[in-house]
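Reviewing the structure listed below.
Since every read-out is calculated from the coordinates, none of them should be taken as a lab result. Because the structure is a prediction, the values reported are computed rather than measured. In this analysis, Cβ positions are derived from the backbone assuming ideal geometry, glycine residues included, and neighbour counts consider all displayed protein chains.
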Amino acid sequence: MNQTENKVIVIATENKGKASEFKSIFEKQGFEVRTLLDYPEIDSIEETGETFAENALLKAEGVAEILDTMVLADDSGLKVDALQGQPGVYSARYAGEEKNDAKNNAKLLGELSELPFDERTAQFHCTLALAAPGKESLTIEGELDGYILGVPRGQNGFGYDPLFYVPEKEKTMAELTQEEKNSISHRAIAVRKLDKVLEDWIKNQ
């Protein structure tokens, strides 16, 4: 586990914005933070799991084995109570194999068209998986509660953000500033939980 001893952690994403959310907590522990952009030779790992945790672990453990270092991966999505937790792990491809936010949102609105507002409860969900060779993997979950609106609102964000209404902010995720969104998001909630247990996980295994 040579690279782990050198205090390197790889965030299993090519999204610099997502990686920056994790950077501060790992730099605080003395880690150099890298992403998959630093390892273009690694093929993307297929997310064949049926749960967020399975997919996050597939990515984290797969990349950790290839690079022989500590890796953090996440799997996120939207869970709608009236749809028994769907679209769930299929959030990005809800309307078909090709990722298309507009089609995904249109399908979701169609599925919920008959429901009143108070029955359109939903959660944005994030599962983080932390893996390293020779260590038992760690998973952490974060969820943000809200409602699905009947009409999109806001120009910020992506995916289901224009439909996801956060009652305590009285705005959709797409109406929040990036700073506001980063402070309350499902990923932010999971990151705060991870921050509390990270030091013990590193020391105790």
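Please give the net charge around LYS193, taking every other residue with its beta carbon less than 14 angstrom from that of LYS193, where Lys and Arg add +1 and Asp and Glu add -1.
Working: positive: ARG187, ARG192, LYS196; negative: GLU21, ASP74, GLU141, GLU143, ASP195, GLU199, ASP200.
So the surrounding residues net to -4.
If I model a spin label as a point 7 Å beyond the Cα along the Cα-Cβ vector, how far apart are those points for THR177 and LEU115 in nm?
According to this spin-label approximation, the distance is 3.2 nm.
Can you list the chymotrypsin sites (Phe, Trp or Tyr not before Pro) in the stretch 148-201 that are in a DSSP coil and have 12 or fewer other beta carbons within 10 angstrom? Mind showing how you got there, number by number?
On the way: sites: PHE158, TYR160, PHE164, TYR165, TRP201; in loops: PHE158, TYR160.
Listed in order of number, the matching sites are PHE158.
Sort all Cα-Cα distances of the stretch 2-63 into consecutive 10 angstrom bins from zero, then give the percent of pairs in each bin up to the one containing the longest distance.
21, 48, 29, 2
Considering Cα pairs under 8 angstrom that are at least six residues apart, work out the relative contact order of the stretch 9-122 and quote it in whole percent. Before the final figure, lay out each step's value.
Numbers: 128 pairs, mean separation 23.9, N = 114.
Result for the stretch 9-122 is 21 percent.
Could you give me the percent of Cα pairs per 5 Å distance bin for the chain, shortest bin first, beginning at zero and ending with the bin that holds the maximum distance?
Pair shares across the bins are 1, 7, 15, 19, 19, 15, 11, 7, 4, 1, 0, 0.
Amide H to amide H, which residues 5 or more places from GLY49 or on other chains are under 5 Å from it, using H placed in the peptide plane?
Excluding prolines and chain starts, which carry no amide H, the hits are ASN55.
Going down the list LYS103/LYS193; LYS103/LYS171; LYS28/LYS169; LYS23/LYS181; LYS28/LYS171, which pairs span over 27 Å between their C-alpha atoms? Walk me through the numbers before you get to the answer.
Values: LYS103/LYS193 33 Å; LYS103/LYS171 22 Å; LYS28/LYS169 30 Å; LYS23/LYS181 17 Å; LYS28/LYS171 33 Å.
From LYS103/LYS193; LYS103/LYS171; LYS28/LYS169; LYS23/LYS181; LYS28/LYS171, over 27 Å: LYS103/LYS193; LYS28/LYS169; LYS28/LYS171.
Cβ under 12 Å from SER24's Cβ, SER24 left aside: what net charge do those residues give with Lys, Arg +1 and Asp, Glu -1? Intermediate values should be presented prior to the final figure.
On the way: positive: LYS23, LYS28, ARG192; negative: GLU21, GLU27, ASP195.
For residues surrounding SER24, the net value is 0.
With N residues in the stretch 110-205, what two-decimal value do you get for its Cα radius of gyration over 2.2 N^0.38 Å?
Ratio of Rg to 2.2 N^0.38 Å for the stretch 110-205: 1.33.
Please report the relative contact order for the chain, taking Cα pairs under 8 Å with a sequence separation of at least 6, and give it as a percent rounded to a whole number.
On the way: 379 pairs, mean separation 36.1, N = 205.
Computed value for the chain: 18 percent relative contact order.
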